[in-house]
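Structure first, then comments.
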Amino acid sequence: MPTPPPFDPELAAVLAVLRDEIPSRLTPDMIPDLRRRRAAQAFGPDDDLTLDGAYTETGHHAPGHDGADVPLLLWRPTGTTAPVGTLYWIHGGGMIMGTHRGAEIPALLQTAHELGLALVSVDYRLAPEHPHPAPVEDCYAGLTWAAKHADDLGLDPRRLVVGGASAGGGLAAATALLARDRGGPDLLGQLLVCPMLDDRNDSVSARQMAGTGVWDKVANATGWGALLGEAAGGPDVPPYAAPARAQDLSGLPPAFLDVGSAETFRDEVVDYASRIWKAGGSAELHVWPGGFHGFDSMAPQAALSRSAAAQRLPWLRRIIGV
């Protein structure tokens, strides 16, 4: 077993405190409990997520590819009549948990407010009850609906960025591939925060972090197994399920990717960025030394977390033109 890289000392102290709450090895039998915990952390319908009135929240539904309704939440700047750019957000949760009104929404709204953007969050269906292609098709359906109805919603369809964290980052990358291959919607960028990209689960970083940190090799097998069943890790997984499987990464919108050095996804994220460059594309990559998976959301006050969060705003500013 390769020796794992060290955790940042400040983050290691946080991990020690959270050890019982966030076990590294997650197995399929733990999914119901994990969902209950995640639901308890999410915001309810009566919680105010308007930044003290700076935003107006509205709910919408997009028609899914198989007839299902795809719930969307839109936060639009209050008092603005001109069309605004949009961050289309896909939540994380290993493909097996999470909601579009999760704990990350206030920080995303702060980022959107800084740039004068709207925020759209999609509530895609979860595996294993809804395996591939349901999650990514839901994400794509919500994106195309938002772009199609941009005028009615007060959005600028020419200023659209797709983003997500963890499983949401992987789904955002897959949604960008679908948008390229299906002829739209046009995207200005893809914001991929510690994205879950590769079902093969056999990189050096996956082996290094086995049994430690957050979301180790066993947890990763649980997530990919829920999404893909017995096909996970096999020869026939499509790129819209696992973007690392894509043979062609040309023609994609500029990407921002970040990842911790001490997490399972490190090598697949670095490789994805490198392959975008090799295909002639644009990618900004950050590898945070000693960062575990999702460190910036679990320990937002840590120095490394503040550094990581600070890098996304200037990239978005450049990409979206504000």
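The values are calculated or read from the model by the stated rules, or taken from the named source; none is laboratory data. This is a predicted model, so every value here is computed, not measured. Every residue, glycine among them, receives a Cβ derived from its backbone with ideal geometry; neighbour counts consider all protein chains shown.
Suppose we filter the stretch 223-249 for residues that are more than 26 Å from Gly98 (Cα to Cα) and out of contact with any Pro (no Cβ under 9 Å at 6 or more places or on another chain); how many remain? Residues that pass the stated criteria total 3.
Just one of the listed residues (Ala273, Ala226, Ala244) is of a type outside the set (Val, Ile, Thr), in a helix (DSSP H, G or I), crowded, with 18+ Cβ neighbours inside 10 Å and touching a Phe, Trp or Tyr at 6+ places or on another chain (Cβ under 8 Å), and it is Ala244. The residues of the stretch 116-135 that are among the aliphatic types (A, V, I, L, M) and surrounded by fewer than 21 Cβ atoms within 10 Å (Cβ to Cβ) amount to a single one, Ala134.
The residue list Gly98, Gly85, Gly53 contains one member that is under 18 Å from Ala134 (Cα atoms) and either modelled with pLDDT of 95 or more or among the hydroxyl-bearing types (Ser, Thr, Tyr) (or both), which is Gly98. Applying the set (1) closer than 24 Å to Glu104 by Cα; (2) under 16 Å from the mean Cα position of the chain (by Cα) to Pro300 leaves exactly one unmet item: (2). Answer yes or no: is there a residue in the stretch 229-241 that is part of a helix (DSSP H, G or I), closer than 30 Å to Arg317 by Cβ, modelled with pLDDT of 95 or more and not β-branched (Val, Ile, Thr). No - not one qualifying residue is present in the stretch 229-241. Out of the residues in the stretch 124-152 that are free of Cβ contacts under 8 Å to residues at least 40 places away in the same chain and acidic (Asp, Glu), which is farthest from Met97 (Cα to Cα)? The extreme case among them is Asp152.
Pairs meeting the criteria (first residue in the stretch 230-252 and closer than 12 Å to Val136 by Cβ, second residue part of a helix (DSSP H, G or I) and of a type in the set (D, E, K, R), beta carbons under 6 Å, at least 6 apart or on different chains) are Pro239/Arg245. Residue selection: Pro300 satisfies the criterion of being surrounded by fewer than 24 Cβ atoms within 10 Å (Cβ to Cβ), out of contact with any strand residue (DSSP E or B) (no Cβ under 9 Å at 6 or more places or on another chain) and more than 14 Å from Ser166 (Cα to Cα).
So that you can scan it fast, the table gives a plain yes or no per residue for (1) outside any strand (DSSP E or B); (2) touching a Cys at 6+ places or on another chain (Cβ under 7 Å); (3) more than 27 Å from Leu228 (Cβ to Cβ):
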| residue | (1), (2), (3) |
| --- | --- |
| Pro6 | yes, no, yes |
| Gly44 | yes, no, yes |
| Glu57 | no, no, yes |
| Leu72 | no, no, no |
| Trp75 | no, no, yes |
| Gly79 | yes, no, yes |
| Gly85 | no, no, yes |
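Looking only at residues in the stretch 276-297 that are within 22 Å of Leu87 (Cβ to Cβ) and charged (D, E, K, R), the one that is surrounded by the most Cβ atoms within 10 Å (Cβ to Cβ) is Asp296. When Pro28, Pro106, Pro83, Pro32 are checked against the criterion of being more than 24 Å from Gly169 (Cβ to Cβ), in contact (Cβ under 8 Å) with a residue 40 or more places away in the chain and not small (Gly, Ala, Ser), Pro83 stands alone in meeting it. Summed over the stretch 238-254, residues that are within 16 Å of the chain's Cα centre (by Cα) and either acidic (Asp, Glu) or within 30 Å of Thr3 (Cβ to Cβ) (or both) total 3. Only residues that are more than 22 Å from the chain's Cα centre (by Cα), part of a loop (DSSP other than H, G, I, E, B) and closer than 27 Å to Val287 by Cβ were counted across the stretch 8-40, and they come to 2. Residues of the stretch 171-202 that are more than 16 Å from the chain's Cα centre (by Cα) and among the small types (Gly, Ala, Ser): Ala179, Gly183, Gly184. Counted as qualifying within the stretch 124-211 are the helices (runs of 4 or more DSSP H) with 3 or more residues that are under 16 Å from Gly64 (Cα atoms) and of a type in the set (D, E, K, R), namely 134-148.
Applying the condition of being in contact with a Lys or Arg (Cβ under 8 Å, 6 or more places away or on another chain) and among the hydroxyl-bearing types (Ser, Thr, Tyr) to the stretch 19-62 and asking which residue is surrounded by the fewest Cβ atoms within 10 Å (Cβ to Cβ) yields Thr58. Among the residues making up the stretch 72-82, a single one is surrounded by fewer than 18 Cβ atoms within 10 Å (Cβ to Cβ) and either within 18 Å of Ile105 (Cβ to Cβ) or in contact with a Lys or Arg (Cβ under 8 Å, 6 or more places away or on another chain) (or both): Thr78.
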